[in-house]
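> Here it is, the structure in full.
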Amino acid sequence: MPLREVYLDNSATTQVYPEVIKTMQQIMGEKFGNASSLHRRGTEAERILQASRRAIAGILGAKNEEITFTSGGTESNNLAVLGIARHYLRRGRHLLTTAIEHASVLEPFKQLEREGFSVSYLLPDERGIISPREVTAALTPETTLVSIMHVNNEIGSIQPLSQIAAAIKTKNPATILHVDAVQSFCKLPLSPEALGIDALSISAHKIHGPKGVGALYLRAGTLLEPLFRGGGHEKGLRPGTENIPGIAGLALAAQMGIKDRKVKASHLQNLKEKLINVIQSEHPRVKLNGPRMEEGAPHIFNLSFPGFKGEIILHALEQKGIYVSTSSACHAGSKDPSHVLKALGLKKESLEGALRFSLSYLNTAEEIAYAATQINAVIHKLKKYHGL
Ligand SMILES: Cc1ncc(COP(=O)(O)O)c(C=O)c1O
């Protein structure tokens, strides 16, 4: 075990707040009822469920009944994409998404293609941004669903959602817009109502909450075909006994995460700029992939170290207690380069030498200074080893 650790893989997952652990433990131990039971234990659990729903709805500026709890971002995305496309099948069979979505969006679209839908995949520009004009151009009268993520989990590009939503609603008011907001929830301003979003996915473990719990916002009047059949929980949209400790953990993490959001964002932006500047000043060939420094999300960025393999740097940094990743966590075992970086048009050398850094507002300036020093030292050592 290294002497100290600096965790810079917060897009993969985050450390759970001690307050969240405590609340969940209390609920598991003392308030273990089933929210559907009619006795006191049941109403106690039901009250926690409804308070959690109010908390998430409040943060999103939504109505309580527009929030459905799920087992996480993957389920929320599957439920939205498969459920909406299948429900509105008779309206049309054309769907629109982007080439840089998370696998939990792309794979459901692949499934829908097998079911006879036609899917268009929009490419981003070199900064990882999808043009609202291209969204408009790709819409057909048959397009029932558009799914576009808010913040990309590998490069931190932020999609211009309000322009995209306006473009869709102007050309095709009945088309439904789903947004994977797993990496932006509690980090960027996000109001589905104000932006014109009809469905939106969130996940607890990206905001210092527990794994295996998330939610889907579904605008009142938007319908979907459920994935599961069973009891009538969550208005039948997501049957299954509710995970009350997890849901309470999600609500508490969100309430803690949203507090002083702007202060946290500016702290993160400072850390990000510091880390990139210190590395690039010593290693000028290191390249920032995707959005420019000032336009990307403050907590996620991707650097290419040309001439080196990302994985080699990752393990060298691990020895120093610094944890980063080569791409998204679900893709980490794969030998193929990241589909997101490929969609940016990166050359082989940049693809191979890419590393993702993802910060939490709990990272300190001192941690970032330590990480920058260690990263620079590792690169110097590798250059020397390779005679560069
Ligand atoms: C953009 C994005 N969407 C969806 C997910 C899946 O969320 P979960 O891990 O809660 O299933 C992730 C997780 O990596 C993500 O980064």
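The values are calculated or read from the model by the stated rules, or taken from the named source; none is laboratory data. Remember, predicted model here, so these are calculated numbers, not experimental data. Quick reminder, even Gly has a Cβ in these numbers, built from the backbone with ideal geometry, and neighbours come from all protein chains shown. Note: areas computed on protein heavy atoms with side chains; ligands, DNA, RNA excluded. Shrake-Rupley method; radii C 1.70, N 1.55, O 1.52, S 1.80 Å.
> Yes or no: Ile279 crowded, with 18+ Cβ neighbours inside 10 Å and either under 30 Å from Met256 (Cα atoms) or of a type in the set (Asp, Glu) (or both)?
no
> Further question on the same structure: Of the numbered conditions (1) farther than 30 Å from His315 by Cα; (2) open to solvent by less than 20 Å² (accessible area, probe 1.4 Å), Asn10 fails exactly one; give the number of that condition.
(1)
Every residue, every condition in (1) within 16 Å of the ligand (Cβ to nearest atom); (2) open to solvent by 40 Å² or more (accessible area, probe 1.4 Å), yes or no:
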residue	(1), (2)
Val20	yes, no
Ile27	no, no
Ala45	no, no
Glu65	no, yes
Gly92	no, no
Thr97	yes, no
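> Out of everything in the stretch 140-154 that is near the ligand (Cβ under 8 Å from one of its atoms) and part of a loop (DSSP other than H, G, I, E, B), what residue ends up being surrounded by the most Cβ atoms within 10 Å (Cβ to Cβ)? Spell out how you get there, then give the answer.
Of all residues in the stretch 140-154, those near the ligand (Cβ under 8 Å from one of its atoms) come to 149, 151-153.
Filter once more, keeping what is part of a loop (DSSP other than H, G, I, E, B): 149, 152-153.
Working: Met149: 26, Asn152: 31, Asn153: 27.
Going through the qualifying residues, I end up with Asn152.
> For Ile164, indicate whether it is more than 16 Å from the ligand (Cβ to nearest atom), crowded, with 22+ Cβ neighbours inside 10 Å and of a type in the set (A, V, I, L, M, F, W, C).
Yes.
> Do any helices (runs of 4 or more DSSP H) entirely within the stretch 170-286 hold 1 or more residues that are closer than 27 Å to Thr140 by Cβ and either over 19 Å from the mean Cα position of the chain (by Cα) or within 14 Å of the ligand (Cβ to nearest atom) (or both), and if so, which? Working first, answer last.
Values: elements: 192-195, 244-258, 261-282.
Once the helices (runs of 4 or more DSSP H) in the stretch 170-286 are filtered for at least 1 residues that are closer than 27 Å to Thr140 by Cβ and either over 19 Å from the mean Cα position of the chain (by Cα) or within 14 Å of the ligand (Cβ to nearest atom) (or both), what remains is 192-195.
> Given the options Val81, Val105, Val135, name the one that is more than 16 Å from the ligand (Cβ to nearest atom), aliphatic (A, V, I, L, M) and under 18 Å from Ile164 (Cβ atoms).
After applying the criteria, what remains is Val135.
> Please tell me if Glu193 is open to solvent by 10 Å² or more (accessible area, probe 1.4 Å), more than 28 Å from Gln255 (Cα to Cα) and among the charged types (D, E, K, R).
Numbers: open to solvent by 10 Å² or more (accessible area, probe 1.4 Å): yes; more than 28 Å from Gln255 (Cα to Cα): no; among the charged types (D, E, K, R): yes.
Here the answer is no, as Glu193 does not meet what is asked.
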